[in-house]
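Input: a single structure, listed below in structure tokens.
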Amino acid sequence: LDENWTSQIGQMDQMIQAGFQINTHAIGDKANREILEFLEKNFAINPELKKLRHRSEHASVIHPDDYQRFADLDVIASAQPPYVSEDPPWALSRIGEERAKDMYAWRKMRRYGIRLAFGSDLDSYDHNIFYGIYGAITRANKQGFPEEGFLPGEKLTSEEAIRGYTNWAAYSALIEDEVGALKRGMWADITVVDKDLLNVGATNPADLMNADVLMTIVGGKVIYKRD
């Protein structure tokens, strides 16, 4: 580790021990392993820190030996579905086919009990929410390539994709009792769309790309309405 990274780790040690949630950018199996080692070290000092729901931002490639560690440490994989639609063409040439088997391996994460949370990573790839849901379901790009999706065994269901952007994301931010679902007593933050995302995602996910937002409500107030 270089001097700058060592200094940053020292600052992060102070932050987590002070009770802050740590959300660390991690692309690659080495980066994710370093996050796990950092958390293990700090949890050994204070086990209560595990309850803060720390996140690996992107969690793009995880070494096969580290999935169980992710689960045991309650680390949330905070991912951006458009990445799995766009990254494979160039990533395969950089990390090779063997390591790519653990690239955005969300179904495998689910089997291990690793929590997921989805976001846009604005403004990297197209942050259209419908593209994100489509990407999580199909693991294909906008042109439908690859036809079966990249690592098709890692696809998520339409329900999982929608939860990734709603109540799973709320859980990762420790506000699942306030947002992320339509329930009495929760914030009236509502997006009304012109397609049944759950059923369209299950039967014809390509049609998600034709979806549109009809209305946006924040705190019970309409702030956008399509003419």
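The table that follows gives values for the structure above.
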item: Neighbour-limited loop hits for trypsin sites (Lys or Arg not before Pro), region 166-204 (at most 11 other Cβ within 10 Å; DSSP other than H, G, I, E, B); result: 183, 184
item: Candidate lysines for bridging to residue 41, where Cα separation is under 21 Å - those fewer than 8 sequence places away on the same chain excluded; result: 30, 50, 51
item: Region 53-116, accessible area per residue, ligands and nucleic acids excluded (1.4 Å, Å²); result: 42 Å²
item: Around residue 115: net Lys/Arg minus Asp/Glu count, Cβ-Cβ under 10 Å; result: +2
item: Alpha carbon Rg of region 1-57, scaled by the compact-globule rule 2.2 N^0.38 Å; result: 1.06
item: Gyration tensor (Cα) of the chain, equivalent ellipsoid semi-axes in angstrom; result: 30, 24, 14
item: Rounded to 5, percent antiparallel among DSSP beta bridges of the chain; result: 45 percent
item: At R0 = 22 Å, FRET efficiency that the Cβ-Cβ distance of residue 25 and residue 193 yields, to 0.05; result: 0.15
item: Charge dipole (region 163-226, unit charges on Cβ, about Cα centre) - positive-most of 204, 217, 166; result: 217
item: Net charge over other residues, Cβ less than 12 angstrom from the Cβ of residue 125 (K, R count +1; D, E count -1); result: -4
item: The chain, accessible surface, carbon-and-sulfur percent (1.4 angstrom probe); result: 51 percent
item: Size of charge dipole - the chain - debye, nearest 20, with Cβ of Lys, Arg +1 and Asp, Glu -1, no other charges; result: 580 debye
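The values are calculated or read from the model by the stated rules, or taken from the named source; none is laboratory data. Keep in mind it's a predicted model, so treat the numbers as computed, not measured. Because the Cβ atoms are built from the backbone with ideal geometry, glycine has one as well, and the counts that use them run over all protein chains shown. What goes into the accessible areas is simple: the full protein's heavy atoms, side chains included, and nothing from ligands, DNA or RNA. Shrake-Rupley method; radii C 1.70, N 1.55, O 1.52, S 1.80 Å.
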